[in-house]
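Please read the structure below before turning to the comments.
The values are calculated or read from the model by the stated rules, or taken from the named source; none is laboratory data. These numbers come from a predicted model, not from an experiment. Using ideal geometry, Cβ is built from the backbone for each residue, glycine included, and neighbour counts are taken over all protein chains shown. All accessible areas refer to the heavy atoms of the entire protein, side chains included, with ligands and DNA or RNA removed. Shrake-Rupley method; radii C 1.70, N 1.55, O 1.52, S 1.80 Å.
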Amino acid sequence: MATNRNIVNMVEAIRNGTGSSVPGSGGVDGVYMADVLSVKPLTIKMHNLSISSNLYINSALLVEASDGGTDIEKPFATSFEPQEVYEFLKEFHEKYVIKKGDTVVVCMTGSSFYIAGKAVKV
């Protein structure tokens with residue numbers, strides 16, 4: 001598979017001294033930023049490589065996720081009581097569920113990539 005080879009190439013490139021954010025890690029493990037290329041299937045772009053395997057994520061970040069981000073609105077098409085809970089859940093899901101184009105924080109260890117969540121500039 002092309003993606004698996006890309007992962008190997010990226011790990012080798014990092015081992016050769018590029019991109020480590022963790023001192024003393026030997027250049028492999030670290031915390032990185034990546035762009036979401038697709039949510040179905042989940043694909044991220046890190047170090048100019050597309051990665052779609054060995055990805056781990058909190059499944060709540062993918063609830064009703066779509067590349068355009070419009071599917072997240074479906075569960076909130078009809079209001080429910082209490083109104084405060086409805087508004088909180090709607091806002092929470094709009095902010096936290098990932099979509100194509102989002103930037104995410106990725107913890108890389110070995111050849112596994114753990115998506116910690118969205119990275120949003122404040």
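Results, tabulated for the structure shown:
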| quantity | calculated |
| --- | --- |
| Top-ranked residue of the stretch 64-89 - restricted to ones that are surrounded by 13 or more Cβ atoms within 10 Å (Cβ to Cβ) and within 20 Å of the chain's Cα centre (by Cα), ranked as modelled with the highest pLDDT | E64 |
| Inter-residue pairs, beta-carbon under 7 Å, first part of a helix (DSSP H, G or I) and in the stretch 77-88, second among the aromatic types (F, W, Y), 6+ apart | Y86/F80 |
| Candidate set: the stretch 36-63, residues that are within 11 Å of the chain's Cα centre (by Cα) and assigned to a loop (DSSP other than H, G, I, E, B); chosen: the one modelled with the highest pLDDT | S52 |
| Cβ-Cβ under 7 Å pairs, at least 6 apart or on other chains, the stretch 99-111 side in contact (Cβ under 8 Å) with a residue 60 or more places away in the chain and among the hydrophobic types (A, V, I, L, M, F, W, C), far side open to solvent by 50 Å² or more (accessible area, probe 1.4 Å) and part of a loop (DSSP other than H, G, I, E, B) | M108/D29 |
| So M33, is it under 18 Å from A119 (Cα atoms), at pLDDT 85 or above and open to solvent by 50 Å² or more (accessible area, probe 1.4 Å) | yes |
